[in-house]
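**Q** Pasting a structure below so you can have a look.
We did not get these values from a lab; they are worked out from the coordinates using the rules stated. What you see is a predicted model; the values in this text were computed from it and never measured. Don't worry about glycine lacking a Cβ; one is built from the backbone with ideal geometry, like all the others, and counts go over all protein chains shown.
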Amino acid sequence: MDTGDWKTRLRSEFVDVRSCVNVSREVRERLDSGELVRLSSGVAVPASIIEEVPQYQRDWARSFAVGAVAQTAVVTGRAAAHLLGMWTVNQPMPQVSMLTHNPPPKPTRQPDVRYVRSRFRPDEVVQGQHLSTTTPYRTFLEIAREAGFKHALVAADWLLYSRTLIAPQLQYLMRTTPRFHGIGAARKAVQYAVLGPESAPESYTRAVLLDAGFRNVLSNVWIDSTRYRVDLLVENALIIEIDGNMKYIGPDVDTADVLLKEKRRADTLRNLGYELIRFSPHDVESNPASFLSTVHSALNRARR
């Protein structure tokens, strides 16, 4: 499993609240008062801790907590992607998906958990010290089943970016995968998966464009006669840059210098005839429709 300091800190706050352990009176009172909130049927965490961390960390914590108390089911889909360190789209994850041969009876199921009855082989499972997940490729398939093409393409791009698989391997595995609900989204994701994107936001932005019908969408393209590489080039006319806030802030960042270099770069590209627009990852993830509207308007300007 992928680990990190924030993950260690979060896990250190976990409180075991399984019915099979002797939960103290103090813990019960903290649960009743809302000071502790359940991440799963057996794990709770202080509300003050979980409410302050970013969405992706909350999703990771929920995924870990659900998997840690599972008996035979394995974490899969977007939840497994969080645990494996795969790229994920920073959008709400309503449920943790668990793959199982036989779902537990409804009265004993964990809340906000989606049980997927499906066959899986032992070699499709990653056994961890505390829990098990599906392998990256099987996780990709289950993301296609759970969330559709756009999320699946992000996972497929990661498989190539991380060198977990090379393109011919990914294509072969897809050809030999038995049919399942969601295989159309998986096949489309493999068809469009490329080695170009270098982050989940770049990959997801490309997925949104492809899903909207754009076909000539290139990732991390060097622009001729310049020393500039752009995040996305659409229809050979529109440059899209996906920038978070980190490039502008920090103790060692000269914000004025960053902005000046950015302006020079944009001026050079526009002088070559390209239209250029910028978005934050949040802009695209939270409102894809608004993003696409801006793209269409910018393309119309570029074609005049």
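**Q** Among rounded, prolate and oblate, which fits the stretch 167-233 when a ≥ b ≥ c are the square roots of the eigenvalues of its C-alpha gyration tensor, a/c under 1.5 means rounded, and a/b larger than b/c means prolate?
**A** prolate
**Q** Would you mind getting me the FRET efficiency between residue 176 and residue 263? Use the beta-carbon distance for r and R0 = 41 Å, nearest 0.05.
**A** Working from the Cβ atoms, E equals 0.20.
**Q** Now a separate question. Note down the relative contact order for the chain as a percent, whole number, built from C-alpha pairs under 8 angstrom at least six residues apart.
**A** 11
**Q** Over the stretch 61-199, what is the percentage of antiparallel beta bridges among all DSSP beta bridges, to the nearest 5?
**A** Looking only at bridges with both residues in the stretch 61-199, the antiparallel portion is about 50 percent.
**Q** Quick check on packing: order 273-281, 146-154 by the mean number of other C-beta atoms within 10 Å, highest mean leading.
**A** My ranking of the peptides, most packed first, is 146-154, 273-281.
**Q** What number comes out for the charge environment of residue 190, summing +1 per Lys or Arg and -1 per Asp or Glu over other residues with Cβ under 11 Å away?
**A** So the surrounding residues net to +2.
**Q** Another question about this same structure. Roughly what % of Cα-Cα distances in the stretch 1-95 sit above 23 Å, to the whole percent?
**A** 23
**Q** Another one. If you find the alpha carbon centre of the stretch 266-304 and of the stretch 176-231, how far apart are they in angstrom?
**A** 17
**Q** For residue 5 and residue 129, FRET efficiency with R0 = 25 Å and r from the beta-carbon atoms, rounded to 0.05?
**A** Efficiency computed from Cβ-Cβ geometry: 0.90.
**Q** Distance in nm between label sites at residue 297 and residue 228, each 7 Å beyond Cα in the beta-carbon direction?
**A** 2.1
**Q** Rg and Dmax of the chain over Cα atoms: what are they, in angstrom?
**A** 21.9, 72
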